[in-house]
Amino acid sequence: MPMSTLQRRSALALAAAIGLGSFTAAQAHGPRHAAALDSGSLHEELEREKSQDNIWKAFFPDLVTARKAAISFHNNLLESDYERGFLVMELDADEMDRLRRFGFRFERAAEFIEQRNQRLTVLQIEAARRALGAPEPLSIPGYSCYETVEETFAAGDGLIAAKPTLARWVDAGDSWLKTQGAGGYDIRVLKLGNAATDVAGVAKPKLFINSAIHAREYTTAPLVLEFARWLVNGHGTIADATWILDHHEVHLMLHANPDGRKRAEGGLSWRKNVNNNFCTNSNNRGVDLNRNFSFGWNGTGGVGSSGNACDLTFRGPSAGSEPEIQALQSYVRSLWPDRRGPGRQDAAPADTSGIHLDIHSYSQLVLWPWGEDETVAPNGLALQTLGRRFAFFNNYTPTQSVGLYPTDGTSDNVSYGELGVAAFTFELGTSFFQSCTAYNNTIKPQNLNALIYAAKVVRTPYITPGGPEVTGLALSNNAASAGVFAGIPVNLTGSATDARFNNSNGSEPVQAIVAAQYSIDVPPWDPAARTRTIQAADGSYNSSTEALAASIKTNGLATGTHIVYVRAQDASGTWGPVTASFLRINATVPNAGNEVEPNDTLATAQATGAIPLQVSGSAGVNGDQDHYRIAVPAGTTVTITLSSVAGSDNNLVLLDTQGNVLASSSRGMGQTDAIKRRNDSPFGLNWIVRVQHASGGTGANGAYTLNVGY
Ligand SMILES: [Zn+2]
């Protein structure tokens, strides 16, 4: 839209006030998204935001009421200060009356308004500088941890370029501005999954996540982008990321409201899309996309959404009227079949596959349907079990999404309401413009674990979360990293626990572990899997947390990287999700390679690679001594063998680095020398292996092979 006279005048006034001289409307158009975001209108929007002063400290009667208000009045919430007894909220007279009924009282939030206005003035000055040719900021000003819309898409491009078989973009539709030919964006989905393991006609379980449907919720899209990085970069380096992408699909609509997000990136507290047909030319224009979903749209008689175009929860003129919601809904409907009947109390079958997560901020909540009223959804108990698993990771309050008042036309209505797919809303953190410190230290790591859990259980989300988790999985002999030769047994250890629920809002029953199993390369849900039993380390399964122990035979495993899948079962009969480890089998080629001279003395001992290793060497002259330094972990036993070509004899000595002899073997011509020795110290040690020419050939005629293994 063109810059209005008023906007131009006000931009000029600001530029003059800060000594930048005058600038024209043409200069004010930035190089990108000129129609969507000219600096004059941004300035004006920032000015309008400053004038909004209906902001209140809302003192609550108790914490339970406060949390429920945070659900119902989420759109009004600007800051929560639970410890000091109030929420900072933007409220009109009617909304204040509705809260008074629950015992709230109000004071004007003068400090909040003053700090906000200082921040907005800084942003206005920066915008005016950009209009005069200063460079575009590289990320959201003051929030370098959050990618802009463009940076988000560029990061997705980077993942696709690095691993084209694992990642690709899908164009799901257009933003409102794009439908108007006024800039805007495609509504893109980053689709993750190993195309090389697709089987025609076989659907993989699908996790769908959308974020930033409300523009100002800064943490949301960056968290989901971080999850994409964990998956794609982790394929081949993290066992769980590898099997998830090999056997499941993850679909990420990182920016469900990119037009609105650009307003928020400029510093505005923008929530809705930017549809200028509603509350035209104001900061309150547009439709609340999370009240515009078709199923149950306007289903609570005007309580759970607003018919006022200027309201923050304006539901739009008709169900699914907005292009962003049309894109999201048709994408979701393309992912999963409809497995729920038409009645509100028709349950989806227990084996229904798929999860939809809608990531918002803020309020530290994990929410599930229904939001329209207090009725428990027909799959409500299973949703509650999974919600309490998610909340174990992020420490949020798990609860059904109805608060003091209902909501309608929300995102879970397309996935759960229409199709019966498990749907959740996360409310991350404690503010819209969350500090990078809180995001990096707490919100990102904790919620990343919740998203990983979702990707693990997405095959049967109404069943698997009832079962125990396997944690602390480890393989002996560095078998998961450096690897072992086939035939060397590997010890598996770990823990199975049924107890990892958030019980802050009701408590979830736990059962004793009754079994655990592993399979190699073929996951246990596949009928072709050969599963092996894992014993309880203490000899019997009788507790809700048990240590696991198994010895894995590696005979016959091919050279390369294998995946060991481990899962456990509880007394309810439910198998929990898989946790995996790599098991690497080394080729029987020299790990340390050939002998390198000089190595005739202790001091010039040749360094070797990780055990197991193999060295090919030769006795250079009569009486030659060759030395090799090996690194032996604490508590491990190494086996060293030395064989020489026919007609030649070499002997074997093991020394510490001071030259003290620890063991020796000097069998005669034609026999293999061998030493077995345990490092009993609490530290990893370097030892020296000496090969000593005894008799027979030298040079090519004195060749030997030295093996060091566990
Ligand atoms: Zn939101």
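The values are calculated or read from the model by the stated rules, or taken from the named source; none is laboratory data. These figures come from a predicted structure and were not determined experimentally. Cβ atoms come from the backbone with ideal geometry, glycine included; neighbour counts cover every protein chain shown.
Quick rundown of the values:
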{"read-out": "Total residues in segment 368-385, condition surrounded by fewer than 22 Cβ atoms within 10 Å (Cβ to Cβ) and within 16 Å of the ligand (Cβ to nearest atom)", "value": "0"}
{"read-out": "Segment 205-229: number of residues that are in a loop (DSSP other than H, G, I, E, B) and more than 15 Å from the ligand (Cβ to nearest atom)", "value": "1"}
{"read-out": "Qualifying residue in segment 680-691 (condition: within 20 Å of Ala607 (Cα to Cα), in contact (Cβ under 8 Å) with a residue 24 or more places away in the chain, of a type outside the set (Lys, Arg) and part of a loop (DSSP other than H, G, I, E, B))", "value": "yes"}
{"read-out": "Residue count for segment 426-472, restricted to those that are on the phi > 0 side of the Ramachandran plot and in a helix (DSSP H, G or I)", "value": "0"}
{"read-out": "Conditions (1) farther than 25 Å from Gly286 by Cβ; (2) more than 16 Å from the ligand (Cβ to nearest atom); (3) within 25 Å of the chain's Cα centre (by Cα); (4) crowded, with 22+ Cβ neighbours inside 10 Å; number of the one not met by Gln329", "value": "(1)"}
{"read-out": "Given (1) assigned to a strand (DSSP E or B); (2) surrounded by 18 or more Cβ atoms within 10 Å (Cβ to Cβ); (3) over 27 Å from the mean Cα position of the chain (by Cα), number of the condition Tyr565 does not satisfy", "value": "(3)"}
{"read-out": "Tally of residues being without any contact (Cβ under 8 Å) to a residue 24 or more places away in the chain and within 9 Å of the chain's Cα centre (by Cα) across segment 445-474", "value": "1"}
{"read-out": "Residue identified as away from the ligand (no atom under 16 Å from the Cβ), in a loop (DSSP other than H, G, I, E, B) and under 21 Å from Ile355 (Cβ atoms) among Val250, Val232, Val202, Val189", "value": "Val202"}
{"read-out": "Test: Ser665 is more than 51 Å from the chain's Cα centre (by Cα) and closer than 16 Å to Ile630 by Cβ", "value": "yes"}
{"read-out": "The one condition in (1) under 29 Å from Glu79 (Cβ atoms); (2) not assigned by TED's automatic domain parsing to the domain that holds Arg48; (3) not acidic (Asp, Glu) that Gln115 fails to fulfil", "value": "(2)"}
{"read-out": "Residue check, Asn257 within 16 Å of the ligand (Cβ to nearest atom) and within 27 Å of Pro406 (Cα to Cα)", "value": "yes"}
{"read-out": "Considering residues of segment 77-119 that are under 16 Å from Gly429 (Cα atoms) and of a type outside the set (A, V, I, L, M, F, W, C) only, the residue farthest from the ligand (Cβ to nearest atom)", "value": "Glu83"}
{"read-out": "Subset of segment 360-375 (residues that are more than 15 Å from Arg340 (Cβ to Cβ) and assigned to a strand (DSSP E or B))", "value": "His360, Ser361, Leu365, Val366, Leu367"}
{"read-out": "Residue satisfying all of: in segment 334-367; under 15 Å from Val458 (Cβ atoms) and touching a Leu at 6+ places or on another chain (Cβ under 6 Å); nearest to the ligand (Cβ to nearest atom) among these", "value": "Ile355"}
{"read-out": "Residue match in segment 60-68 (condition: over 35 Å from the mean Cα position of the chain (by Cα), modelled with pLDDT of 90 or more, surrounded by 17 or more Cβ atoms within 10 Å (Cβ to Cβ) and assigned by TED's automatic domain parsing to the domain that holds Asn117)", "value": "no"}
{"read-out": "Selection status of Val274, part of a loop (DSSP other than H, G, I, E, B), under 32 Å from the mean Cα position of the chain (by Cα), at pLDDT 95 or above and away from the ligand (no atom under 14 Å from the Cβ)", "value": "yes"}
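So that you can scan it fast, the table gives a plain yes or no per residue for (1) under 18 Å from Phe432 (Cα atoms); (2) without any contact (Cβ under 8 Å) to a residue 24 or more places away in the chain; (3) in contact with a Phe, Trp or Tyr (Cβ under 8 Å, 6 or more places away or on another chain):
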site	(1), (2), (3)
Asn75	yes, no, no
Glu79	yes, no, yes
Asp94	no, yes, no
Leu99	no, no, yes
Arg105	no, no, yes
Ala110	no, yes, no
Gln118	yes, yes, no
